[in-house]
Amino acid sequence: MSASAALTNQIIGFIFQQGGYAWRNNSVGIWDAKKGAYRAGAKKGVSDILACWRGYLIAIEVKIGRDRLRPEQEGFLLNINHVGGRAFVAKDFETFKADFSEAVHGIPPLPVS
């Protein structure tokens, strides 16, 4: 398993443990055997991890080592933050936990029904 996949799994597990819901968003192209080429995913730049935390969308882009944000990824993160969601880049688990804590700070608990 790659370092990126391991960090992704660790983050998803952490969010579940904290009471949220998270999943790995697969946005890579799909091989089209008839065309002999890859078809683009639904939307370029969508973050690696999408989560719901107390009714808020959280987008997390995983970047390890020299991996850098592409313009589409940066735009996606900016758009999520602009509309009231929470979005950030995770480079390692300890930094992720600090960034997650900051991102969800102030989000009130869901009402009990």
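Nothing in this text is a laboratory measurement; each read-out follows from the coordinates by a stated rule. As the structure is a prediction and not an experimental result, all values here were calculated from the model. With ideal geometry, Cβ positions are generated from the backbone for all residues, glycine too; neighbour counts draw on all protein chains shown.
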Mean Cβ-within-10 Å packing, highest first, puts peptides 50-59, 17-26 in the order 50-59, 17-26
Listed by chain and number, the residues whose amide H is under 5 Å from that of Asp48, excluding neighbours fewer than 5 places away on the same chain and using placed H, are Ile60, Glu61, Val62
In the list (1) 7.5; (2) 6.6; (3) 9.0, the entry giving mean projected area of the Cα convex hull in nm² computed from the coordinates is (3)
Measuring from its Cα centre, the chain shows a charge dipole (+1 at each Lys and Arg Cβ, -1 at each Asp and Glu Cβ) which, in debye to the nearest 20, is 420
Projecting the Cα atoms of Tyr38, Phe76, Met1 onto the charge dipole of the chain, where Lys and Arg contribute +1 and Asp and Glu -1 at Cβ, the residue farthest towards the positive end is Tyr38
Among the DSSP H helices of the chain, those whose Cα atoms extend at least 20 Å along the helix axis and whose mean Kyte-Doolittle hydropathy is -1.0 or higher are 3-17
Of the listed pairs Lys44/Lys91; Lys34/Lys63; Lys43/Lys91; Lys43/Lys63, those with alpha carbons more than 28 Å apart are Lys34/Lys63
